[in-house]
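The block underneath contains the structure these notes are about, expressed in structure tokens.
The values are calculated or read from the model by the stated rules, or taken from the named source; none is laboratory data. Just so it is clear, the structure is predicted and the values come from calculations on it, not from any experiment. Cβ atoms come from the backbone with ideal geometry, glycine included; neighbour counts cover every protein chain shown. For the accessible areas, the whole protein counts, side chains as well, though only heavy atoms, and no ligand, DNA or RNA atoms are used. Shrake-Rupley method; radii C 1.70, N 1.55, O 1.52, S 1.80 Å.
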Amino acid sequence: ICPQSLSLLTAYQSTCTGSAVAPKLDYEAPTITTSLSPQRSTMTTEVDEKLAKMSLSDEEISNNPLLQKLLSLSIPHSTYPHPASTTSDELQANAPLPSDSNDSHTKNLFFKDKKHGMYLVTIAPENDVNTKELGKLLKLEGKVNLRLADEAVLMDKLGCKKGCVGPMAIMMNADKDVTLVLDESLLKKTKIHSHPLRNDASTSLTPEDLLKFLKEAAGVEPTILAFSPKDEA
């Protein structure tokens, strides 16, 4: 783990859920970001003012357990709607981030191995996962057969449908039997954007605040690993 990632971890050591789908919106790429509402959170990045016109309704927020937990923990964040995006490629096309920003969307993969358990792997969209290498990085012994879990397992363990998962979904893992793996490169970003259990919205937080949420809301300290770009994985 690089020093920056280690320092972030050290600092915190001392959906799709069936709800109503937001109406379709004409999306225009944001150049600046905003909070859920002026009273609910404060954001400081350049992604903010444009998204002030694109906030979710109070009902949509109150029905979302992740957003409610962020509010109860007073963690600064910004949540904004966009066209439904099942894959990271669709998300980047439907909700492009400013090219000059240091923000990043995420790509999330949910793996299951009969012997070694389940893993939610959150990486930067430009990176990829080689399951053989992942098994080695996780120091899994014996036969390793990491495969993408089906939607029924995803729904049972993380409370969301395929295409709606993000790192914060680990809060929904009541059995504490899913390991969260986080891409080291994401911890170097200004803001990390991910789905809050629904694929027609994204929530952005600083890496520090994401780690705080994982620790305080889910009791989880993610496994931090380095992943390679797609053409190198």
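General observations
- In this structure, the amide hydrogen of residue 78, modeled 1.01 Å from its nitrogen in the peptide plane, lies closer than 5 angstrom to those of 204, counting only residues at least 5 positions away or on a different chain.
- Put a plus charge on the Cβ of each Lys and Arg, a minus charge on the Cβ of each Asp and Glu, and nothing anywhere else: the dipole of region 77-233 about its Cα centre is then about 480 debye.
- Taking a ≥ b ≥ c as the square roots of the eigenvalues of the Cα gyration tensor, region 146-233 is rounded, since a/c falls below 1.5.
- Under 5 Å between amide hydrogens, built in the peptide plane, is the criterion, and for residue 224 it picks out 182 among residues at least 5 positions away or on other chains.
- Electrostatic bookkeeping for residue 225 treats Lys and Arg as +1 and Asp and Glu as -1; over the other residues with beta carbon under 12 Å from its beta carbon, the sum is -1.
- Dipole check for region 188-233: with +1 at the C-beta of Lys and Arg, -1 at the C-beta of Asp and Glu, and the Cα centre as origin, the magnitude is about 100 Debye.
- Here region 91-227 has 46 percent of its accessible surface on carbon and sulfur atoms, given a 1.4 Å probe and all protein chains in place.
- Selection from 101, 120, 87, by position along the positive dipole direction of region 62-131 (Cβ): 120
- Note on region 91-158: Kirkwood hydrodynamic radius from all Cα pairs is 13.8 Å, rounded to one decimal.
- The H on the amide N of residue 105, modeled in the peptide plane, is under 5 Å from the matching H of 193, each at least 5 residues off or on a different chain.
- Residue-wise HN-Hα couplings along region 109-124, as the Karplus relation 6.51 cos²θ - 1.76 cosθ + 1.60 with θ = phi - 60° gives them from phi, are 10, 10, 9, 9, 10, 4, 8, 9, x, 10, 9, 9, 10, 10, 10, 5 Hz; Gly and Pro carry x.
- Lysine pairs with alpha-carbon atoms under 21 Å apart, region 48-156, spacing 8 or more or separate chains: 15
- Measuring spread by the Cα atoms of region 76-233 yields a radius of gyration and Dmax of 14.7, 45 Å.
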